[in-house]
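What follows draws every value from the coordinates through simple rules; no lab data is involved. Just so it is clear, the model here is predicted, and its values are computed rather than measured.
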């Protein structure tokens, strides 16, 4: 009798384990993505981008004034790239703060503007040589911008 009970229990346990491990794994998805970002994750990235663009803009403006001799027009264009990125990032922070939804069309539109401004500035950073500190700061900022792009399944810079 005990032997029959043990065999029955073992059979049920084996069947339960088989079912548990043979079912396809359920994965959390958001708009067909493998990774789901919580609102706080996106808010943290947006906050870091807004903060870093502010300090980067100030350092960039100083570096541009000292690194591009005899090219006032180029200097102005380069400075405007950092200004545009900072303005876009600040607006993104404001829009995200109002909407609290990364999928809101206004948030997505501002993300696109911010990443476009970042791409323009990235070309300037690649074209000219700046101090190691400014390059490191840009790498940190670019990492956050690439994180923002990843949230929207966009290619990194």
Exercise for review: Please work out whether segment 39-151 counts as rounded, prolate or oblate from its C-alpha gyration tensor, where a ≥ b ≥ c are the square roots of the eigenvalues and a/c under 1.5 means rounded, while otherwise a/b larger than b/c means prolate and anything else oblate?
Suggested key: prolate
Review point. For segment 39-151, what relative contact order do you get, as a whole percent, if you take Cα pairs closer than 8 Å and at least 6 residues apart?
Key: 38
